[in-house]
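The values are calculated or read from the model by the stated rules, or taken from the named source; none is laboratory data. Because the structure is a prediction, the values reported are computed rather than measured. Cβ placement follows ideal geometry from the backbone for every residue including glycine, while neighbour counts extend to all protein chains displayed.
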Ligand code: CDP
């Protein structure tokens, strides 16, 4: 069983995907962490995250230990991630790892931007989370403050808008719902409500697949 959770920054993908993985007894992969790690590796070499050669080299050499770096959740890593994520060679280098992870028994929940469209187009269930930039910026501010980072709401909001634009505007695997994804607007829903609706939606998608014989 493969569940794809996609959506823009701070839409609640990670929170939902982790809960779903626990609920269904599946593995969980936060694919954003791969792009964050590549971005952080390039920055650590003193280079710009848009440097195609350095970013591609970092993506090809990525090891599981790189995902344990302590600085991957920072805003700097997020911005670097969205820059390396626009490089087609970086995406190509990370694709097999994600697909192999999804194929491992008993299955997985993956969250990202292109899981339903590119990484796992045959996923059993696909959910695309939406929320307004303002609500997402408030959520991200709370999250970063809880980590002890000093943040300014207006700066977080403008970083988030810039990242949305880069993620949606890139030519390779842009952020967009798969044609068969269920879109869920979470502006007025808390994490528990989103989880409940998602579990129902996944059940319905799986039942519909069975009826179609897919
Ligand atoms: O948690 P948040 O949504 O802010 O970020 P994330 O999911 O960790 O992703 C960081 C960046 O990686 C995004 O802005 C995307 O540019 C990129 N990304 C991607 O292109 N494809 C994915 N499957 C996951 C992340």
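The set of residues in the stretch 13-39 being outside any helix (DSSP H, G or I), more than 12 Å from the ligand (Cβ to nearest atom) and in contact with a strand residue (DSSP E or B) (Cβ under 8 Å, 6 or more places away or on another chain) consists of 26, 27, 28. The residues of the stretch 200-214 that are surrounded by 13 or more Cβ atoms within 10 Å (Cβ to Cβ) and closer than 25 Å to residue 135 by Cβ, listed by number, are 201, 202. Annotation note: of 159, 164, 111, the sole residue that is part of a strand (DSSP E or B) and either out of contact with any strand residue (DSSP E or B) (no Cβ under 9 Å at 6 or more places or on another chain) or within 13 Å of residue 9 (Cα to Cα) (or both) is 111.
Residue count for the stretch 186-196 satisfying the condition of being exposed (fewer than 13 other Cβ atoms within 10 Å of the Cβ) and under 11 Å from residue 11 (Cβ atoms): 1. Scanning the stretch 80-90 for residues that are in a helix (DSSP H, G or I) and surrounded by 17 or more Cβ atoms within 10 Å (Cβ to Cβ) yields a total of 6.
Residue under question is residue 25, and the condition is that it be more than 19 Å from the chain's Cα centre (by Cα) and under 30 Å from residue 185 (Cβ atoms); does it hold? Criteria met by residue 25. Considering the stretch 40-57, the residues that are under 19 Å from the mean Cα position of the chain (by Cα) and assigned to a helix (DSSP H, G or I) include one that is surrounded by the most Cβ atoms within 10 Å (Cβ to Cβ), namely 55.
The residues on offer are 71, 66, and the sole one that is surrounded by fewer than 21 Cβ atoms within 10 Å (Cβ to Cβ), without any contact (Cβ under 8 Å) to a residue 40 or more places away in the chain, over 13 Å from the mean Cα position of the chain (by Cα) and part of a loop (DSSP other than H, G, I, E, B) is 71. If you go through the stretch 167-189 and pick out every residue that is out of contact with any helix residue (DSSP H, G or I) (no Cβ under 6 Å at 6 or more places or on another chain), modelled with pLDDT of 95 or more and either within 14 Å of the ligand (Cβ to nearest atom) or in a helix (DSSP H, G or I) (or both), you end up with 1.
Evaluating residue 93 against the criteria (1) more than 23 Å from residue 206 (Cβ to Cβ); (2) at pLDDT 95 or above; (3) within 12 Å of the ligand (Cβ to nearest atom) leaves one unmet condition, (3).
In contact with a helix residue (DSSP H, G or I) (Cβ under 7 Å, 6 or more places away or on another chain), in a loop (DSSP other than H, G, I, E, B) and more than 18 Å from residue 155 (Cβ to Cβ): does that describe residue 60? Here the answer is no, as residue 60 does not meet what is asked.
Of everything listed in (1) in contact with a strand residue (DSSP E or B) (Cβ under 9 Å, 6 or more places away or on another chain); (2) at pLDDT below 95, the single unmet condition for residue 202 is (2).
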